[in-house]
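In what follows, a single structure is set out as structure tokens and then discussed.
The values are calculated or read from the model by the stated rules, or taken from the named source; none is laboratory data. Keep in mind that what you see is a predicted model, and the values were worked out from it rather than measured. Cβ sites come from the backbone with ideal geometry, for glycine too, and all protein chains shown count toward neighbours.
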Amino acid sequence: MPYTTIQVYLGPRTYEIAIGDSLLGEAERYLSVWKEKLSFASSESSKALVVTDRNIRSPHAEMVQQSLADNGWQVELVSLEPGESSKQISVVTGMYDQLVNMQADRQTLVVAVGGGVIGDAAGFLAATYARGIPFVQVPTSLLAMVDSSVGGKVGVNLPQAKNLVGAFHQPLGVLIDIETLKTLPEREYISGLAEVIKYGVILDESFFQYLEENIEGLNARESSVMKQVIARSCRLKADVVEQDEYERTGLRAVLNYGHTFAHAFEALAGYGELLHGEAVSIGMVYASRLAEKMGRIGAEETKRQVNLLKAVGLPVELPESFQFSADDILKKMLLDKKTVGGKLRFILPTKIGNVETVKNVPDSTVCEVL
Ligand SMILES: NC(=O)c1ccc[n+]([C@@H]2O[C@H](COP(=O)([O-])OP(=O)(O)OC[C@H]3O[C@@H](n4cnc5c(N)ncnc54)[C@H](O)[C@@H]3O)[C@@H](O)[C@H]2O)c1
Ligand SMILES: [Zn+2]
């Protein structure tokens, strides 16, 4: 039985996130229940394409595959190269061929077992094949569990920019098995914690406090702490997504706290230098200092964030090797999609647990912070 389930309420696209230990071995039970939601589901034998990467294939993806096969599903598995380069259209095209070969139809499930790269690429495959077939997310990185698997954004990169081609395609369900975190490399795990801390800062002071009080459990990936943290993070993101599913009202933008800085750092540092969560961690500190400079919060609020980020091993300042000027960073930020009419917009805290969108932030103030 799962430890907990979170409902993401989106009308006819409502779905469940099941969180627990050792769920992969019984994946079929969840998938067959979720599949019944399809109005056109028939009793014919079920088909699935499991998409994963080489690092996750064994044992995680193979456990899902086995559970389905044992229950009479016709199941195929595709294992991609690990890393961002798999999030490209040519890789998805290869998977279209596989779906054609297995005579996939609108009842065939695409099952993404992996990190955000696999979820985004497999989700895009499912969103576009036959104008949309159902898919299930089985996130295995902390970032994918608390962020990319919730909200229905799927897509691939173009050489010009990340995530430039994509769709909103909600999964039929999300299966989170905490056990999979045991094999996640330390740096990837810590990087995922940046998004967790972000939820506390933007939406929930008591969650932030819970994190402050559970540093040891967090660092040891203690099962009970992980379940709480993942469930709370998914709930907070789901609350935002439910109010702004298609990113139209601007509400979903609160999730971008620290990200205007982070995207600029990532773009300038070059691939692999800074993981996304590391860049977000530094970005949140800069955004908080910016809020201080604008008289919106006190130094104490920034200090609390810095202390928590440091306690879990996240960086709070740019590495020595990062040799770009404030001007370089500013120019990159002006290219970011959150710029409106050449003016920088930021998500800034008013206290721990609340943020606001601040328009027309003067370039000079940003430069002072940098
Ligand atoms: N769709 C969204 O809303 C959304 C939100 C945030 C990020 N993203 C996307 O997510 C991607 C980043 O996701 P990520 O950080 O999970 O990257 P990732 O998928 O590349 O995974 C990181 C690394 O960890 C490995 N890994 C994952 N789970 C593992 C496990 N349990 N055991 C061992 N190794 C494991 C992967 O093989 C990979 O090498 C980016 O492409 C980003 O654009 C999407
Ligand atoms: Zn992020």
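Could you list, in sequence order, the residues of the range 217-230 that are in contact with a helix residue (DSSP H, G or I) (Cβ under 7 Å, 6 or more places away or on another chain) and hydrophobic (A, V, I, L, M, F, W, C)? 218, 225, 226, 229, 230, listed by residue number.
Do the conditions hold for residue 233, that is, is it under 19 Å from residue 309 (Cα atoms), touching a helix residue (DSSP H, G or I) at 6+ places or on another chain (Cβ under 6 Å) and among the polar types (S, T, N, Q)? For residue 233, the condition - under 19 Å from residue 309 (Cα atoms), touching a helix residue (DSSP H, G or I) at 6+ places or on another chain (Cβ under 6 Å) and among the polar types (S, T, N, Q) - is met. Residues in the range 85-101 that are assigned to a helix (DSSP H, G or I) and not hydrophobic (A, V, I, L, M, F, W, C): 85, 86, 90, 93, 94, 96, 97, 98, 101. So is residue 199 modelled with pLDDT of 95 or more, among the aromatic types (Phe, Trp, Tyr), within 13 Å of the chain's Cα centre (by Cα) and part of a helix (DSSP H, G or I) or not? For residue 199, the condition - modelled with pLDDT of 95 or more, among the aromatic types (Phe, Trp, Tyr), within 13 Å of the chain's Cα centre (by Cα) and part of a helix (DSSP H, G or I) - is met.
Can you find even one residue in the range 204-226 that is closer than 30 Å to residue 317 by Cβ, within 16 Å of ligand 2 (Cβ to nearest atom) and either charged (D, E, K, R) or part of a helix (DSSP H, G or I) (or both)?
Scanning the range 204-226, I find no residue that is closer than 30 Å to residue 317 by Cβ, within 16 Å of ligand 2 (Cβ to nearest atom) and either charged (D, E, K, R) or part of a helix (DSSP H, G or I) (or both), so the answer is no.
Just a yes or no: is a residue in the range 286-309 outside the structural domain of residue 159 (by TED's automatic domain parsing), within 15 Å of ligand 1 (Cβ to nearest atom) and closer than 29 Å to residue 6 by Cα? Looking for residues that are outside the structural domain of residue 159 (by TED's automatic domain parsing), within 15 Å of ligand 1 (Cβ to nearest atom) and closer than 29 Å to residue 6 by Cα, one finds none in the range 286-309, hence no. When the residues of the range 322-358 are filtered to those that are at pLDDT below 90 and over 27 Å from residue 273 (Cα atoms), which remaining residue is surrounded by the most Cβ atoms within 10 Å (Cβ to Cβ)? Of everything passing the filter in the range 322-358, 343 is surrounded by the most Cβ atoms within 10 Å (Cβ to Cβ). Can you say whether residue 192 is within 15 Å of ligand 1 (Cβ to nearest atom), touching a strand residue (DSSP E or B) at 6+ places or on another chain (Cβ under 9 Å) and either over 14 Å from residue 17 (Cβ atoms) or in a loop (DSSP other than H, G, I, E, B) (or both), as far as the supplied structure shows? Judged against the criteria, residue 192 is not a match. Residues in the range 289-321 that are exposed (fewer than 12 other Cβ atoms within 10 Å of the Cβ) and under 23 Å from residue 269 (Cα atoms): 317, 320, 321.
Scanning the range 64-93 for residues that are touching a residue at least 12 places away in the same chain (Cβ under 8 Å) and farther than 21 Å from residue 172 by Cα yields a count of 12.
Picking from residues in the range 113-151 that are within 16 Å of ligand 2 (Cβ to nearest atom) and within 16 Å of residue 91 (Cβ to Cβ), the one that is surrounded by the most Cβ atoms within 10 Å (Cβ to Cβ) is 119.
Condition (residue is touching a residue at least 60 places away in the same chain (Cβ under 8 Å) and of a type in the set (Val, Ile, Thr)) applied to the range 128-135: is it met by at least one residue? The answer is no; no qualifying residue exists. The set of residues in the range 181-200 being away from ligand 2 (no atom under 14 Å from the Cβ) and surrounded by 24 or more Cβ atoms within 10 Å (Cβ to Cβ) consists of 200 alone.
Considering the range 149-177, the residues that are small (Gly, Ala, Ser) and in contact (Cβ under 8 Å) with a residue 24 or more places away in the chain include one that is nearest to ligand 1 (Cβ to nearest atom), namely 151.
Kindly indicate which of 257, 286 is crowded, with 23+ Cβ neighbours inside 10 Å, within 16 Å of ligand 2 (Cβ to nearest atom), modelled with pLDDT of 95 or more and more than 19 Å from the chain's Cα centre (by Cα). Spell out how you get there, then give the answer.
Values: 257 fails: more than 19 Å from the chain's Cα centre (by Cα).
Selected residue: 286, the only one of 257, 286 that is crowded, with 23+ Cβ neighbours inside 10 Å, within 16 Å of ligand 2 (Cβ to nearest atom), modelled with pLDDT of 95 or more and more than 19 Å from the chain's Cα centre (by Cα).
Here residue 39 meets each of (1) polar (S, T, N, Q); (2) within 16 Å of ligand 1 (Cβ to nearest atom); (3) surrounded by fewer than 20 Cβ atoms within 10 Å (Cβ to Cβ) with one exception, condition (2).
Taking (1) at negative phi; (2) in contact with a helix residue (DSSP H, G or I) (Cβ under 6 Å, 6 or more places away or on another chain) in turn, residue 179 satisfies each apart from (2). For the range 314-331, the count of residues that are basic (Lys, Arg) and more than 25 Å from residue 152 (Cβ to Cβ) is nonzero. Would you pick out the residues in the range 300-327 that are within 15 Å of residue 201 (Cβ to Cβ) and either of a type in the set (A, V, I, L, M, F, W, C) or touching a helix residue (DSSP H, G or I) at 6+ places or on another chain (Cβ under 6 Å) (or both)? Within the range 300-327, 302, 305, 306, 308, 309, 311, 312, 314, 316 meet the criteria. Filtering the range 107-150 to residues that are within 18 Å of residue 75 (Cβ to Cβ) and part of a helix (DSSP H, G or I) leaves 118, 122, 125, 126, 129. For the residues 48, 104, 18, the requirement of being among the small types (Gly, Ala, Ser) and either assigned to a helix (DSSP H, G or I) or farther than 30 Å from residue 182 by Cα (or both) singles out 104.
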